[in-house]
1. So in region 67-106, with the set limited to residues that are touching a Leu at 6+ places or on another chain (Cβ under 6 Å) and buried (at least 20 other Cβ atoms within 10 Å of the Cβ), which one is farthest from HIS56 (Cα to Cα)?
2. Looking at the structure I just gave you, is GLY160 at pLDDT 95 or above and surrounded by 13 or more Cβ atoms within 10 Å (Cβ to Cβ)?
3. Does at least one position in region 83-100 carry a residue that is under 25 Å from PRO26 (Cβ atoms) and under 15 Å from the mean Cα position of the chain (by Cα)?
4. Scan region 127-142 and give yes if some residue there is free of Cβ contacts under 8 Å to residues at least 60 places away in the same chain, assigned to a strand (DSSP E or B), of a type in the set (Gly, Ala, Ser) and surrounded by 14 or more Cβ atoms within 10 Å (Cβ to Cβ), otherwise no.
5. Give GLY121, GLY148, GLY117 a once-over and let me know the one that is within 18 Å of the chain's Cα centre (by Cα), under 21 Å from SER28 (Cβ atoms) and at pLDDT 95 or above.
6. Answer yes if at least one residue in region 2-18 is loosely packed, with under 14 Cβ neighbours inside 10 Å and either at pLDDT 95 or above or of a type in the set (Asp, Glu) (or both), and no otherwise.
Amino acid sequence: MKIKLITIALFFGVITTMNAQDNTIPKSNGGIKGGYNLAAVSFDGDGETEQRHGFHIGVYGESFISESFSIQPELMYSQQGYEITNSSGTFTQKLDYINLPLMLKAYPSKNFFLEAGPQIGLAVSHKEEYDGLFSSSQEYDPNNFDWGMNFGGGFKTDSGISFGVRYHLGLGDLYDEGKAQNRVFQFSLGFDL
């Protein structure tokens, strides 16, 4: 355990020293971002449900480790879930999360970026809605913890305004039975502060 801690400390020390010696590395920054969600769930890998429309909002911090790479942790509130429609009506599962993505961003050019990284999430609320001929008081009990991977890209202006698209591939099971996993497209607008 001590060796791991020493290795991590040395790694961050080397990165800090590299940043101090290289004036071409962009400055670290932070800001706020938010946008539109299209959320669905994949059941047993057989296909996806209809999408729930929602939003996300939160904060981020971007630290450059070289001229072309940065690490961006985020803290986001995200409306997720899904809808299922059949002849008797529509069932909507509303799931709201606090998500913690950790993105590795690559800048192939000054303003264009690609990103990928893990995400963990904590469900802070869930609600089921039935709209149709038959109503039900059945309540589903989704797992509170979610995890998965994010992939995306975008454009960031010299003034710090960013436009991004991201796909969240959930790998944690939403329920104890069956294999239901989150799938979310996010369209974001961010502002460096």
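The values are calculated or read from the model by the stated rules, or taken from the named source; none is laboratory data. Keep in mind that this is a model prediction, so the values were computed, not measured. Glycine gets a Cβ as well: all are built from the backbone with ideal geometry, and neighbour counts include every protein chain shown.
1. GLY81
2. no
3. Checked against the condition, which is being under 25 Å from PRO26 (Cβ atoms) and under 15 Å from the mean Cα position of the chain (by Cα), region 83-100 yields at least one hit.
4. No, the conditions are met nowhere in region 127-142.
5. Just one listed residue meets the conditions, GLY117.
6. no
Here's the yes/no breakdown for (1) of a type in the set (Phe, Trp, Tyr); (2) closer than 23 Å to SER42 by Cα; (3) in contact with a strand residue (DSSP E or B) (Cβ under 8 Å, 6 or more places away or on another chain):
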residue	(1), (2), (3)
PRO142	no, yes, yes
TRP147	yes, yes, yes
ASN150	no, yes, yes
GLY164	no, no, yes
TYR167	yes, yes, yes
ASP176	no, yes, no
PHE185	yes, yes, yes
LEU189	no, no, yes
